[in-house]
Amino acid sequence: MDLIFFLVEIALGVLAIACLLRFIFQLARVNPMNMVVASTRKLTDRVLTPVRSVVPSGRFVDTASLLIAWLAMSGRVGMQMLPGYLQLEGSQSVSALGYIFISLGLSLVRLLQYSIWIFIAAIAASVILSWVAPQSTSPYAQLAREVPAILLRPVQRIMPNLGMLDFSPAIVLIGLFAINSRIIPWLNGLFY
């Protein structure tokens with residue numbers, strides 16, 4: 001029984017991250033012909049196609065993939081919290097509605113945290129690639145340049161032009177690490 005729960009938890013986590021990536025790819029307006037984007041689209045299409053008939057999508061916001069990512073992550077978080085909930089059930093008054101609310105809230109926080117780590121990884125990869133292989137046409141290199149652009153462009157507009165030096169990745173990374181170390185624990189505390 002533990003093995004089945006473990007496999008379902010892994011499957012829900014993979015589905016949540018794949019749908020979150022698809023959401024980020026569309027939000028960042030990544031090239032849809034990129035091999036990684038096409039693979040992510042193929043992986044998630046079966047789940048998202050029926051949902052799209054019910055959930056409307058915006059021009060740059062894929063609400064169906066965000067909804068499925070949230071629900072899959074909620075299922076995963078709920079499964080992780082289930083043993084603790086069952087132990088508390090006998091000794092304290094724990095409502096099932098409260099358990100569901102906590103699972104939904106924690107899953108939103110977890111999706112935000114995963115999004116932050118995706119952007120941190122993309123920024124780090126783009127900086128390293130700009131030093132090592134600036135002309136690389138690899139699909140991964142293209143993603144590393146295109147995904148963080150949605151966060152880097154506003155900072156680059158504000159920053160003065162320093163020629164070849166671009167400090168916007170460092171500024172965005174500091175902001176992402178600050179959110180991850182200060183705001184995420186506070187948000188987690190709201191649901192514990």
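Points worth noting:
- Residue, surrounded by the fewest Cβ atoms within 10 Å (Cβ to Cβ), within the range 36-64, restricted to residues that are among the basic types (Lys, Arg) and assigned to a helix (DSSP H, G or I): Arg46
- Each residue in the range 51-80 was checked for being modelled with pLDDT of 80 or more and either of a type outside the set (Val, Ile, Thr) or on the phi > 0 side of the Ramachandran plot (or both), and 19 of them qualify.
- Residue within the range 123-137 that is closer than 21 Å to Met35 by Cα, buried (at least 18 other Cβ atoms within 10 Å of the Cβ) and under 16 Å from the mean Cα position of the chain (by Cα) present: yes
- Scope the range 154-192; condition over 23 Å from Gln113 (Cβ atoms) and either surrounded by 12 or more Cβ atoms within 10 Å (Cβ to Cβ) or in contact with a helix residue (DSSP H, G or I) (Cβ under 6 Å, 6 or more places away or on another chain) (or both); matching residues: Gln156, Met159, Asp166, Phe167
- Whichever residue in the range 135-165 is part of a loop (DSSP other than H, G, I, E, B) and touching a residue at least 12 places away in the same chain (Cβ under 8 Å) and, among such residues, is farthest from Phe60 (Cα to Cα): Met159
- Taking the criterion of being part of a helix (DSSP H, G or I), buried (at least 17 other Cβ atoms within 10 Å of the Cβ) and of a type in the set (Val, Ile, Thr), the residues of the range 1-35 that qualify are Ile17, Ile24.
The values are calculated or read from the model by the stated rules, or taken from the named source; none is laboratory data. Remember, it's a predicted structure, so these values are computed and weren't measured experimentally. Glycine also receives a Cβ, built like all others from the backbone with ideal geometry; neighbour counts cover every protein chain displayed.
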